Each structure stands twice: as C-alpha cells, then as structure tokens.
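Down below is the structure, laid out as structure tokens.
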Amino acid sequence: MENLTISQISKMLDVTPRMLRHYEKLGLLTSLRREDNSYRIYDEGAVRRLQQIVILRKLRIPLKQIAMILQDTNQLHALEILQENLEELEEEAASLNLIKKLLKELVLRFDRSIRKNIPFDMLEDSEFAKAIGRLALSKTTIKENTNMSDLNKANEILDKSLNVRIILLPPCTVAAYQFVGENPEEQAGDVICKFVQESGLYEKKPDARMFGFNHPNPGILENGVHGYEVWVTVPEEMELPGHLAKKKFEGGLYAVLAINFPEFQYWGSLAQWVENSEIYEPNYSELGEEIMGGCLEEHLNWVYASHLGWPDDCITGQLDLMLPVRKRTEA
C-alpha cells in the first residue's frame, strides 16, 4: 500500500482530518512528513492502526482504553477491557429489556382500566408492584459515593441525543452557605432565599446566579447524613451577614446539561457523555467526592423567583448540571 495523505485517509475511513490530528496529539496515531512539504502522510502501519481505532470507537470503547488495547502486546489486558465493556452492555441491555416489558404491561393495564372506566392504581396491583420491585431506582450517580464503573451503567448510556453544551464560567464573587443534616438542600436554600429577599440582591445584581452542590457528598460521613452548599453570585463590594461566607469562584470550563427538576439521574448520562467525548475529558476537583468532584447544579431563574417570593405562577424549576472539563491532552 502506498503512503496516503491526510485527505486520502480521511475519505477512505470517513474520519475527519481534525479527528486524525486529535488522535496524533493523543499519541494514538503517528504520521510522517514529506521532505518537500509539511503535509502529513500515513504508511501502511498507520492505516492499519487507524482502522483498529475506528472499529473500537464504533464499539464505544473510550479513547483511554483504546490506547491501552493498542499498547498491549500480549493482548491479555485488551481482553480484560473488552470483557468489562461487554459485561456492562449486557447488564444495561437486561435492565432495558425488563423496563420495556414492564412498560408494555403498564400500557395494557391502563388501557383496560380506561375501557372499563375504572381507575388503575399501581399501588393496589400487587402483581405489578412485585415486578417493579425487581428494578433499582435510577441513581444520582455523582451525588452518591460511586465510581466511574457505576457511571458507565447509567440507563442513558445508549442515548446519543443529549443536548450537552460547553460553557466557560467567568470568575465571580459568591455568598456561600453550607448545611449538614436532614434535608440540607432545602435548609441551605431557605437561608440563601431569605438573604436574597432581605438584601434586595436582584435589584442590585439582576444577573445573579444560584449554584449548589453536595458538601459533603452522601457516603462521606459515617452517620449517613450529607450536606449541601449553596452559592449565589453577589457584587464584589457587597457586605454579607455573618452567617454567610464570601468566596471567590475561579470559574472554568464545564459540560452542561439542562434538566427539569428532579431529573438528577441524568448526572450519569452527562458523565458518560464526557467520558466518551473525543474532545473533552473530566477535570474533577482535587477534593474529590466530598464536593461532587467540583460539579455544580445551577438552579435557573432561582434568584428572580426568590426575589418575587416564589409566586404560584413562577417559572417551572429547571437546572443545569455542570461537570468540569478540559480539552483532552493525553490518551
């Protein structure tokens, strides 16, 4: 096989030149340079290696694992990686099949009830309730003491239509309050809500934003309780009451997914999206699980609704799930 240019190999394997350059930057692929110009060319070995990368990516193997597979000369570690991915997919497929069967049964039972003009009560149907009992509740994976293996098992792993945005949060000053105990989200939120109303924050800073995160995360404390910390952005010169801490937030790059409250199970989907991304990788905080790895939940329109006293017709609760990321620099 003759050496191929980046344009030729791109067309041959349906891989964009940008992606080829990204693979090279990660060390997955090596190109040559012609002496008479600066164009990249690929020999037979590089083409074969790229073909393997394409196959493994189509099988949804993460780039870091692909690097390990290609470097494994005796292929024993490669076999382990592939078996782990297969086991995870089989577990997901079994769960999805069970959910599908139960949903079909639920549709039939609702249909029969409607035809007979008798309301169907899921709680009174012991047979159906017993079948549902086989399922586990979707976990807010990042909010619990879990690892990436658990994240890989999220039900939404096969969903490639997630509307994930990449945004850069600017540095800002925040008023912070942390509560550890029962219902920490509500307790911390109530304190900040009172501050917003009494300080007239919305009038002073109509673009104020509210963020929250577990601190400490569930599973960190031995007694089973957890904490929640709430931030609201404030003018830098604003004086705060003594029970609130003024902090400087450095900002940063985040992968963001909008949800309706309380669809927190999508934390797993967002984490999986980042893990599978060929451009971005997680950039979790060094403080780790204690603060959700630096992940944030932005409660959209919260400051405005709080300012108005939470009227009945206020904007429906929505949140942005925000996972810190950075550009991929290594395999």
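Among the candidates GLY27, GLY45, which residue alone is among the small types (Gly, Ala, Ser), open to solvent by less than 60 Å² (accessible area, probe 1.4 Å) and over 26 Å from GLU275 (Cβ atoms)?
Values: GLY27 fails: over 26 Å from GLU275 (Cβ atoms).
Result of the check over GLY27, GLY45: GLY45.
Hey, among the residues in the stretch 271-288 that are hydrophobic (A, V, I, L, M, F, W, C) and under 28 Å from LYS58 (Cβ atoms), which one's most open to solvent (accessible area, probe 1.4 Å)? Show your work before the answer.
Taking the stretch 271-288 as the starting set, the residues that turn out to be hydrophobic (A, V, I, L, M, F, W, C) are 271, 273-274, 279, 287.
Those still in the list that are under 28 Å from LYS58 (Cβ atoms) too: 271, 273-274, 279.
Details: ALA271: 1, TRP273: 79, VAL274: 0, ILE279: 62 Å².
Checked the stretch 271-288; the qualifying residue most open to solvent (accessible area, probe 1.4 Å) is TRP273.
Considering each residue of the stretch 59-111, count those that are open to solvent by 50 Å² or more (accessible area, probe 1.4 Å), under 27 Å from GLU278 (Cα atoms), aliphatic (A, V, I, L, M) and more than 21 Å from the chain's Cα centre (by Cα), and give that number.
5
Got a number for residues in the stretch 269-315 being at positive phi and part of a loop (DSSP other than H, G, I, E, B)? Quick ask: steps written out before the conclusion?
Start the filter on the stretch 269-315 by keeping residues that are at positive phi, which leaves 288, 292-294, 301, 309-310.
Subsequent filtering for residues that are part of a loop (DSSP other than H, G, I, E, B) retains 301, 309-310.
Matching residues across the stretch 269-315 total 3.
Condition test on LEU300, is it farther than 18 Å from LEU162 by Cα, in contact (Cβ under 8 Å) with a residue 40 or more places away in the chain and either touching a Ser or Thr at 6+ places or on another chain (Cβ under 6 Å) or not charged (D, E, K, R) (or both)? Before you say what the answer is, go through the steps one by one.
Numbers: farther than 18 Å from LEU162 by Cα: yes; in contact (Cβ under 8 Å) with a residue 40 or more places away in the chain: yes; either touching a Ser or Thr at 6+ places or on another chain (Cβ under 6 Å) or not charged (D, E, K, R) (or both): yes.
Yes, satisfied.
May I ask you to list the residues in the stretch 316-331 that are β-branched (Val, Ile, Thr) and either in a strand (DSSP E or B) or open to solvent by less than 90 Å² (accessible area, probe 1.4 Å) (or both)? Step through it out loud before you land on a result.
Just the residues of the stretch 316-331 that are β-branched (Val, Ile, Thr), to begin with: 316, 325, 329.
Matches in the stretch 316-331: VAL325, THR329.
Please indicate, with yes or no, whether at least one residue in the stretch 146-161 is among the β-branched types (Val, Ile, Thr), modelled with pLDDT under 95 and crowded, with 20+ Cβ neighbours inside 10 Å. Explain how you work it out, then say what you get.
Start the filter on the stretch 146-161 by keeping residues that are among the β-branched types (Val, Ile, Thr), which leaves 146, 157.
Filter once more, so that each one left must be modelled with pLDDT under 95: 146, 157.
From what is left, the residues that are crowded, with 20+ Cβ neighbours inside 10 Å are 146, 157.
Looking for residues that are among the β-branched types (Val, Ile, Thr), modelled with pLDDT under 95 and crowded, with 20+ Cβ neighbours inside 10 Å, one finds at least one in the stretch 146-161, hence yes.
Is one or more of the residues making up the stretch 223-237 under 15 Å from LYS248 (Cα atoms), of a type in the set (Ser, Thr, Tyr) and at pLDDT 95 or above?
Of the residues in the stretch 223-237, the ones under 15 Å from LYS248 (Cα atoms) are 229-237.
Within this subset, residues satisfying the condition of being of a type in the set (Ser, Thr, Tyr) are 233.
Filter once more, keeping what is at pLDDT 95 or above: 233.
Within the stretch 223-237, one or more residues are under 15 Å from LYS248 (Cα atoms), of a type in the set (Ser, Thr, Tyr) and at pLDDT 95 or above.
The values are calculated or read from the model by the stated rules, or taken from the named source; none is laboratory data. Computed from a predicted structure; not experimentally measured. Methodologically, a virtual Cβ is constructed for each residue, glycine included, from the backbone with ideal geometry; neighbour enumeration extends over all protein chains shown. Quick note on the areas: whole protein, heavy atoms, side chains included, nothing else; ligands and nucleic acids left out. Shrake-Rupley method; radii C 1.70, N 1.55, O 1.52, S 1.80 Å.
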